[in-house]
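Student: Encoded as structure tokens, here's the structure I'll be asking about.
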Amino acid sequence: MSRQYILALDQGTTNSRAVLFDKAGRVASLANRELPQYYPQPAWVEHDADEIWETQWDAAGQAMKAAGVGPENIVAIGITNQRETVVLWERESSQPLSRAIVWQCRRTAGDCDRIKKEGFEPTLQAKTGLVADPYFSAAKIAWLLDHLPRARERAAQGELACGTVDSWLIWKLTHGRVHATDASNASRTQLFNIHTLEWDDELLRYFRIPRRLLPRVVPSSGIAGETTLFGKAVPIAGIAGDQQASLFGQRCLKSGSVKNTYGTGCFLLMNTGTHPIPSRSGLLTTIAWQRNGATFYALEGSIFIAGAAVQWLRDELRLISSAAETEAMALSVPDAGGVYFVPAFVGLGAPHWDAYARGAILGLTRASNRNHLARAALESMAYQTRDALDCMEEDSALRPDFLRVDGGAAANAFLCQFQADILGVPVERAAVSESTALGAALLAGCGTGFWKDDEDLECQLAEPRSASPGFHARRFEPTLNSARREELYSGWRKALDRARGWAGTE
């Protein structure tokens, strides 16, 4: 039998990755292409949609070349993606009408203020599980329709198509034959009712977005279409937003299990099973995935800046030459010296939802040095995670026995240990660093029978086999006493208050 693989396309905020997984869930090859970001105005963030496609397609080809395989070896494709970023394009030409508006972009902050003033936010939250914040897609789509010439008219006439990045990739992979998204991505648009599982007429009217502009919603696991770009038909059988895919890839398949991904941002998700739990504390209620006819939900704490804070130290302040340096720098000092770094470069996400917060470094003294700043940047990821996890416990009445972590910064042992210390619960680091891509691959494999059923899937994810993607390479136990833990966290809350509302008009 020829070698068989699932090809996972992992399109992120700063890069496009492609990963080949074999039947045992092992990484056979990986390729990565950096994706440029554009900042036309302060707090505006854009991508070139053609560059999204070109980097992703190139990464796919490089991954296959590295593994020495051809299209005959690819059983299916799974797609996972940065979520709320939106692309608007012409159906006939497949040409984008403008750059994509990235999830980090704050240009619609005023529109979200209007939603709150008009009293529509409770309706929005009840139907979608989301809050009125520039993070989400609906206001972005409305902005494009309002600001691009004839866009609303053309959208109403059916000339245009819109979608999150998964929809754009599926469109390009299928030569425009398939305009689709899955429920996990749809649930991030503020246009999809997570209870009725349909595009919601009231929300569409409010944002003045025609239904025909939007993609068809399909299950996260199952054949949504096929691409012939490889020279043979290959099914696209797994689709999930990056954080939901990571939840699946980290085998958080039971209600109450929690994972955190440290990427550009930081995303904490708890599987809450087949019933959505409304948040009273500023978290999001979202669809985790749809498979086998069932819809699973999650509570989410979305943190906008995590690894990007370390990137800022490298690229803008030039205090470090690589992110890997920060571990040794953090360990070279006994603590952060009273320094707190609030990385609210694009506002604050869950549970604060302050579009007008801005970054701040507080507690500096003459003795503060670059090591303290590096440590404070790493600690900020852990503090923000605690903000969200405390709210998660309040909403769900569940306290996790452990936190599973992945993403680039999870390789930093200091961060993992400090995360365990500031939470007071163990942290388990995944042996397979590509948890997001793995989740997309597992969904695609289940959707095509590559993994036959839930029992087979559990086998692939079962511990303790070292080859298994479910095996967690290292466990970090809390070491701080509770008094010191709360002292440090109290300082963080004080610093956070200083950064809030900084760019507001009042």
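Student: Name the one entry in 152, 177 that is farther than 17 Å from residue 83 by Cβ, in a helix (DSSP H, G or I) and in contact (Cβ under 8 Å) with a residue 24 or more places away in the chain. Reasoning before the result, please.
Tutor: Details: 177 fails: in a helix (DSSP H, G or I).
The match here is 152.
Student: Looking only at the stretch 124-140, count every residue that is aliphatic (A, V, I, L, M), buried (at least 23 other Cβ atoms within 10 Å of the Cβ) and not in a loop (DSSP other than H, G, I, E, B) and tell me the total.
Tutor: Residues in the stretch 124-140 being aliphatic (A, V, I, L, M), buried (at least 23 other Cβ atoms within 10 Å of the Cβ) and not in a loop (DSSP other than H, G, I, E, B): 3 in total.
Student: Determine whether the stretch 412-420 contains at least one residue that is under 23 Å from residue 285 (Cβ atoms), surrounded by 21 or more Cβ atoms within 10 Å (Cβ to Cβ) and touching a Lys or Arg at 6+ places or on another chain (Cβ under 7 Å).
Tutor: The answer is no; no qualifying residue exists.
Student: Only one of 143, 89 is of a type in the set (Phe, Trp, Tyr), under 26 Å from the mean Cα position of the chain (by Cα) and either modelled with pLDDT under 95 or not in a helix (DSSP H, G or I) (or both). Can you tell me which?
Tutor: Values: 143 fails: either modelled with pLDDT under 95 or not in a helix (DSSP H, G or I) (or both).
One residue alone meets the criteria, 89.
Student: Can we say residue 198 is charged (D, E, K, R), in contact (Cβ under 8 Å) with a residue 40 or more places away in the chain and surrounded by fewer than 20 Cβ atoms within 10 Å (Cβ to Cβ)?
Tutor: Answer is no for this residue.
Student: Also: Name the single residue that is nearest to residue 368 (Cα to Cα) among those in the stretch 297-335 being surrounded by fewer than 22 Cβ atoms within 10 Å (Cβ to Cβ) and among the charged types (D, E, K, R).
Tutor: The extreme case among them is 335.
Student: Still on this structure, I have one more. Determine which member of the set 367, 330, 376, 350 is assigned to a loop (DSSP other than H, G, I, E, B), over 23 Å from residue 112 (Cα atoms) and not hydroxyl-bearing (Ser, Thr, Tyr). Break it down stepwise before answering.
Tutor: Working: 330 fails: assigned to a loop (DSSP other than H, G, I, E, B); 376 fails: assigned to a loop (DSSP other than H, G, I, E, B); 350 fails: over 23 Å from residue 112 (Cα atoms).
Result: 367 is the single residue among 367, 330, 376, 350 that is assigned to a loop (DSSP other than H, G, I, E, B), over 23 Å from residue 112 (Cα atoms) and not hydroxyl-bearing (Ser, Thr, Tyr).
Student: I need the strands (runs of 3 or more DSSP E) fully contained in the stretch 203-252, keeping only those with at least 3 residues that are under 24 Å from the mean Cα position of the chain (by Cα) and surrounded by 17 or more Cβ atoms within 10 Å (Cβ to Cβ).
Tutor: Result: 221-227, 234-241.
Student: Return a yes/no flag: does the stretch 385-398 have any residue that is in contact (Cβ under 8 Å) with a residue 24 or more places away in the chain, in a helix (DSSP H, G or I), closer than 17 Å to residue 311 by Cβ and among the basic types (Lys, Arg).
Tutor: Checked the stretch 385-398: no residue is in contact (Cβ under 8 Å) with a residue 24 or more places away in the chain, in a helix (DSSP H, G or I), closer than 17 Å to residue 311 by Cβ and among the basic types (Lys, Arg).
The values are calculated or read from the model by the stated rules, or taken from the named source; none is laboratory data. Here the structure is a predicted model, which means the values were calculated and not measured. Neighbour counts run over all protein chains shown; Cβ positions are idealised from the backbone, glycine included.
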